[in-house]
Structure formats: C-alpha cells, structure tokens
Amino acid sequence: MRRREFVGQLGAMGLAAMGAEALASCGRNRSDAGPKHWTWVHGGRERTTDEWRREFVRLRGAGIRGVLVSGGDTEQLSQAARDAGLEFHRWIWTLNRSGDRWVKEEHPEWFTVSRNGASSLEQPPYVGYYQWLCPTREPVREYLRDVVAELADDAAIDGVHLDYVRHCDVILPIGLWSKYGLLQDRELPEFDFCYCDVCREAFEAQTGTDPLDLPDPTVDEAWRRFRWDSVSGLVHVLADAVHARGKPVTAAVFPTPAIARRLVRQSWDEWPLDAFFPMIYHAFYEERIPWIGTATAEDVAALDGRAPVYSGLYLPDLPPNDCAAAVRQALTNGANGVSLFEAGGLSDAHLEVLRMAESPG
C-alpha cells in the first residue's frame with residue numbers, strides 16, 4: 001500500500017478548505033477580545049456526541065474558547081465542539097511516531113540515531129514510546145507534510161496543533177531526573193540525537209566535519225544550530241502545507257526558547273506559526289508558581305507580537321487555588337490566555353478559576 005493511503009488511515013479525512021477566517025482566530029489580540037483559554041483533550045470513543053457536547057458546553061461556560069483534541073472520531077468531536085461554540089483543532093504527535101505502524105514497518109531507517117549508534121526505533125530512550133523520526137530526511141518531511149495536509153483538508157477541523165515537534169530530550173527537566181534514576185549534568189550519548197547517516201553527511205557537507213569527529217559534539221555551536229535548523233526546516237514545510245489550505249497551525253513547545261534549545265533542540269521562536277503553547281510545567285523544573293510569569297514574559301518578548309502565547313499549565317500540579325495564581329501569573333505577564341493539560345483534570349473549582357479570569361475587574 002502506498003504512503004498516502006496509510007496517511008488516510010492515520011485519521012486524515014475529507015477534502016475542503018476553511019478559508020482565512022480560521023487563520024485570524026488564533027491571532028486575536030487579548031486587549032481586543034479578552035483572554036482566550038484552551039485545553040488539551042484526549043478524545044477517546046467512549047462518549048456519545050451528546051455527552052461530548054455537554055462537556056464542551058461546560059468548558060465553554062468557563063471561558064475556554066478552543067480545544068486541542070487527540071484521538072476519537074473527528075466528525076463526532078468536531079460537531080460537539082462547534083455546537084458548544086468552541087474551535088476544534090486536531091492535536092497530533094509529529095516527530096514522535098511510536099503509534100505509526102506503517103512507518104515503523106516500512107521505513108525503520110527514518111528513525112533517529114543516538115551518538116552511541118542506537119536507533120530510537122530499536123532502543124527508545126527513557127520510555128518505550130520515545131521513537132522519533134529524523135527531521136533532516138526529505139522523505140520524512142514529505143510524509144509528515146502529507147499527514148498535516150490531509151488533516152487541514154478536513155472541513156471538520158479548524159486548525160492543526162503540533163506536539164513532539166522536536167528531538168528527544170537530550171536532558172530531561174530536572175524534576176524528572178529522579179523518576180528515571182538519572183544525573184544529567186551533561187549531554188549523555190544515549191540521549192543525544194541525531195547521528196544518522198543523513199544528518200552526518202549533511203553536516204559534513206556544510207562544515208567539512210563529521211559530527212562524530214568533533215572534539216566534543218556537546219559544545220559545538222554549529223552542530224547545535226544544525227539540529228535546531230533541521231527541526232525548524234520541517235516546521236516550515238508543515239506550516240506551508242496547512243496555511244495553503246486556509247487553516248492555522250500551532251504547536252506545544254518547551255517552556256521558553258532558551259530551555260527548548262538546550263533540552264530538545266527546538267528553536268521555536270523562529271517558527272512561522274499562528275500561536276504557541278509553551279508548556280510551562282513549573283514542577284517539572286522544580287520551580288514555584290511565579291516562574292510561570294517569568295517564563296511567559298520571556299516567551300512574549302521573544303515573539304515580539306508575531307503570534308499569541310497561550311501559557312500551558314499542568315493541572316496535576318495545580319489544585320484550584322494554585323491554578324488561580326498560575327493563571328494570574330500568565331495573564332499579567334502578557335499571555336493571550338492559558339491552555340490546560342488536560343480536560344479530564346478540570347474540576348468545577350478549576351473552571352470557576354477561569355470564569356473569574358474572564359470577569360472584569
């Protein structure tokens with residue numbers, strides 16, 4: 001079976017374009033429309049359309065204006081969201097393709113290779129689902145372009161939301177080190193990607209040096225930049241494909257540009273997207289709630305008005321009172337709204353926090 005036929009099985013449906021209205025919706029200025037809040041949603045198939053509609057009405061009543069949805073039936077979820085007055089964006093795993101059976105079976109060579117020569121398909125780092133495609137490879141870019149293009153062609157979808165659009169974490173957030181029994185005070189070879197033949201040849205063509213021959217690949221600025229640019233090059237391809245169909249494209253990114261570059265080779269402040277959802281999960285970094293404001297301010301300054309910022313908040317670490325403080329930190333430091341991970345953890349008390357944020361004064 002051909003690649004595009006398998007792409008269709010991955011959830012891309014329909015052929016229609018939305019026009020420019022959806023493009024504008026992600027970029028409304030907060031001063032014009034008030035804060036615009038979002039939530040990530042794991043769709044699933046266990047609820048009826050009416051049950052989803054009631055849940056989305058509940059979210060809409062608290063000030064949530066859009067949902068970023070993975071899984072489930074696209075038509076059912078989209079109809080329920082639109083009936084509730086919500087934007088419906090499809091949330092997809094981009095370079096982490098652990099659930100993509102076709103790629104794993106047909107193109108194992110597309111997966112990233114660590115500095116010690118291990119494929120992330122065969123020896124995934126950290127956890128079994130950390131299986132990453134190499135963004136330098138042109139066939140990978142073409143394949144993922146087809147994935148997002150077919151999503152954007154679906155009239156049921158208002159936008160495409162990219163997740164895992166980065167390399168594997170060369171260093172985990174410090175709050176996760178103990179979970180994996182690690183001390184990551186330097187870049188360890190088993191977590192350092194990508195050293196596949198395509199990346200090595202492309203870097204050598206640019207610089208005259210194989211990255212494996214560098215005295216210390218972990219500190220070489222050109223090698224760092226190569227990997228930032230590799231991911232960014234893919235993002236440009238995906239953004240062009242979605243924009244050509246009149247839809248917005250957004251991304252979940254690491255909490256600040258500096259952290260993203262350091263930990264996951266992601267220079268997201270250089271990307272041509274319609275909005276950014278930095279995952280400012282403070283406890284992962286052993287930080288307190290005011291850090292959410294500090295990170296938000298850094299993000300807003302980095303983008304300099306080019307796109308909205310929706311500060312991502314991690315509900316398991318935010319009981320309602322703390323959530324209220326986190327929302328205040330984000331909004332007072334320039335965020336256009338917040339995005340909550342994830343909808344299943346939104347208690348009535350959490351939603352009341354958002355209602356208060358919507359209220360004047």
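Values in this text are rule-based calculations from the coordinates and carry no lab data. None of the values given here were measured: they were computed from a predicted structure. Backbone-built Cβ (ideal geometry, glycine too); neighbour counts: all protein chains shown.
For the stretch 122-140, enumerate the residues that are surrounded by fewer than 21 Cβ atoms within 10 Å (Cβ to Cβ) and either touching a Pro at 6+ places or on another chain (Cβ under 8 Å) or of a type outside the set (Val, Ile, Thr) (or both).
Across the stretch 122-140, the qualifying residues are Glu122, Gln123, Pro124, Tyr126, Gly128, Tyr129, Tyr130, Glu138, Pro139.
Tally up the residues in the stretch 293-328 that are of a type in the set (A, V, I, L, M) and assigned to a loop (DSSP other than H, G, I, E, B), please.
So the answer is 2.
Tell me which residues, restricted to the stretch 285-322, are within 22 Å of Leu346 (Cβ to Cβ), touching a helix residue (DSSP H, G or I) at 6+ places or on another chain (Cβ under 7 Å) and either small (Gly, Ala, Ser) or buried (at least 24 other Cβ atoms within 10 Å of the Cβ) (or both).
Within the stretch 285-322, Ile292, Gly293, Thr296, Val309, Ser311, Leu313, Leu318 meet the criteria.
Is it the case that the stretch 274-284 has a residue that's buried (at least 19 other Cβ atoms within 10 Å of the Cβ), part of a loop (DSSP other than H, G, I, E, B), in contact with a helix residue (DSSP H, G or I) (Cβ under 8 Å, 6 or more places away or on another chain) and among the aromatic types (Phe, Trp, Tyr)?
Checked against the condition, which is being buried (at least 19 other Cβ atoms within 10 Å of the Cβ), part of a loop (DSSP other than H, G, I, E, B), in contact with a helix residue (DSSP H, G or I) (Cβ under 8 Å, 6 or more places away or on another chain) and among the aromatic types (Phe, Trp, Tyr), the stretch 274-284 yields at least one hit.
Would you tally the residues in the stretch 202-216 being in a loop (DSSP other than H, G, I, E, B) and within 18 Å of Val113 (Cβ to Cβ)?
Within the stretch 202-216, residues that are in a loop (DSSP other than H, G, I, E, B) and within 18 Å of Val113 (Cβ to Cβ) number 3.
Quick check on the stretch 148-169: of everything there that is assigned to a helix (DSSP H, G or I) and among the small types (Gly, Ala, Ser), which residue is farthest from Arg227 (Cα to Cα)?
Result: Ala152.
Give me a count of the residues in the stretch 100-138 that are polar (S, T, N, Q), in a loop (DSSP other than H, G, I, E, B) and farther than 15 Å from Arg166 by Cβ.
2
Between residues in the stretch 267-283 that are more than 16 Å from Val249 (Cβ to Cβ) and residues that are among the hydroxyl-bearing types (Ser, Thr, Tyr) and outside any loop (DSSP other than H, G, I, E, B), which pairs lie under 6 Å by C-beta distance while being six or more apart or on different chains?
Short answer, once both residue conditions are applied: Ser267/Ser232; Ile280/Ser311; Tyr281/Tyr314.
Looking for something among the charged types (D, E, K, R), over 19 Å from the mean Cα position of the chain (by Cα) and more than 30 Å from Leu59 (Cα to Cα) - is there at least one such residue anywhere in the stretch 91-100?
no
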